[in-house]
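For reference, the structure discussed in these notes is given below.
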Amino acid sequence: MRGGGAAAAAGGLVLPRGALILLGNGAGAGFSSSSGGQRAAEGRCGAAPGRGTARMGAAGLAFLTLRICNALSLDIKASSKVRAFVGEKVQLTCTFKSSSPITESLTVDWTYRPLTGGQMETIFHYQSVAYPTTVGKFKDRISWVGNVAKGDASIAIQSPVMSDNGTFICSVKNPPDVYHNIPQTVLIVTERGFSFQLTSAVLLSILVFLPSIIVVILMLVRLGRKSGVLKEKKKSGCKKSSIEVSDE
């Protein structure tokens, strides 16, 4: 039965999802291969290679492993670094894609490890309902802002402080999709200062436009002075002489 299933997979037939899961958990462990890359691929999908009498070609095993991985994997994405300011709400974004329909069995877990090191601690759990931690430094400060129907597993931290700096990990499981990458988000919380940092774009704009503005202002001042002088001349030119006044 195992050999037949493997032959069907190697021959290009699309096996039902249940059959792929069975092969990944049982029959797949019976296939042996001398290729380290193939063993690594099996390990990543949770099927430990073992010794067995059933053998198949490298191409067939690679195809079967690829089918199992595609059937049982999620793709999770999260920001590698998030900057926040003390006291200002910050969002930790996590999105996922699953090949299986979203069900009530889907779970989301957020874990945290401080920058100083130590064990990971779970600070948030979701399964149909949000369960933020009720103990520790994040008590009453974690809120759910995600939407699993849209592949969003994000959370927010209220009133962050610099001691919150550390590594956050988002984990999603949507059975039978339970294998996934492990993205890490480093949170950096700092004080909001009043210093103004000049970027290269801002500095270039200042260097280009400031001289032009100064030149325009100088030209307007000169024009204003000239117009004032002309007005004074016109006023003085309109006055009648003493001779003209006596003749009248």
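Among residues of the range 98-111 that are without any contact (Cβ under 8 Å) to a residue 60 or more places away in the chain, those with a beta-carbon under 6 Å from a residue that is in a loop (DSSP other than H, G, I, E, B) at least six positions away or on a different chain give the pairs E104/S128.
So, of the residues in the range 77-98 that are open to solvent by 60 Å² or more (accessible area, probe 1.4 Å) and out of contact with any Leu (no Cβ under 7 Å at 6 or more places or on another chain), which turns out to be farthest from T190 (Cα to Cα)?
So the first thing to find is which residues in the range 77-98 are open to solvent by 60 Å² or more (accessible area, probe 1.4 Å), and the list is 77, 80-81, 83, 85, 88-89, 91, 97.
When the remaining residues are screened for being out of contact with any Leu (no Cβ under 7 Å at 6 or more places or on another chain), the result is 77, 80-81, 83, 85, 88-89, 91.
Values: K77: 25, S80: 17, K81: 13, R83: 8, F85: 5, E88: 10, K89: 13, Q91: 15 Å.
So, considering only residues that are open to solvent by 60 Å² or more (accessible area, probe 1.4 Å) and out of contact with any Leu (no Cβ under 7 Å at 6 or more places or on another chain), the one farthest from T190 (Cα to Cα) is K77.
Checking each residue in the range 111-121 for being surrounded by 14 or more Cβ atoms within 10 Å (Cβ to Cβ) and of a type in the set (S, T, Y) picks out T111, Y112.
Of all the residues that make up the range 121-154, how many are in contact with a helix residue (DSSP H, G or I) (Cβ under 8 Å, 6 or more places away or on another chain) and either within 15 Å of T107 (Cβ to Cβ) or among the hydroxyl-bearing types (S, T, Y) (or both)? Matching residues across the range 121-154 total 1.
One residue alone among V145, V135, V108, V172 is of a type in the set (A, V, I, L, M, F, W, C) and surrounded by fewer than 14 Cβ atoms within 10 Å (Cβ to Cβ), and that residue is V135.
Can you list the strands (runs of 3 or more DSSP E) lying wholly within the range 78-137 that have 1 or more residues being farther than 17 Å from Q158 by Cβ and at pLDDT 95 or above? Break it down stepwise before answering.
Values: elements: 81-85, 90-92, 94-98, 107-114, 121-127, 129-132.
The strands (runs of 3 or more DSSP E) meeting that bar are 81-85, 94-98, 107-114, 121-127, 129-132.
Could you go through the range 187-201 and let me know if any residue there is within 30 Å of G146 (Cα to Cα) and either at pLDDT below 90 or open to solvent by 100 Å² or more (accessible area, probe 1.4 Å) (or both). Among the residues of the range 187-201, at least one is within 30 Å of G146 (Cα to Cα) and either at pLDDT below 90 or open to solvent by 100 Å² or more (accessible area, probe 1.4 Å) (or both), which makes the answer yes.
Scan (1) in a strand (DSSP E or B); (2) open to solvent by 70 Å² or more (accessible area, probe 1.4 Å) for the single condition D140 breaks and write down its number. With respect to (1) in a strand (DSSP E or B); (2) open to solvent by 70 Å² or more (accessible area, probe 1.4 Å), D140 is out only on (1). Restricting to the range 106-163, and then to whatever is more than 21 Å from the chain's Cα centre (by Cα) and of a type in the set (F, W, Y), can you tell me which residue is farthest from D75 (Cα to Cα)? Only one residue tops the list, namely F138.
The values are calculated or read from the model by the stated rules, or taken from the named source; none is laboratory data. Not measured: the values here are computed from a predicted model. Cβ: placed from backbone, ideal geometry, glycine included. Neighbour counts: every protein chain shown. Note: accessible area is taken over every heavy atom of the protein model, side chains too, but ligands, DNA and RNA are not part of it. Shrake-Rupley method; radii C 1.70, N 1.55, O 1.52, S 1.80 Å.
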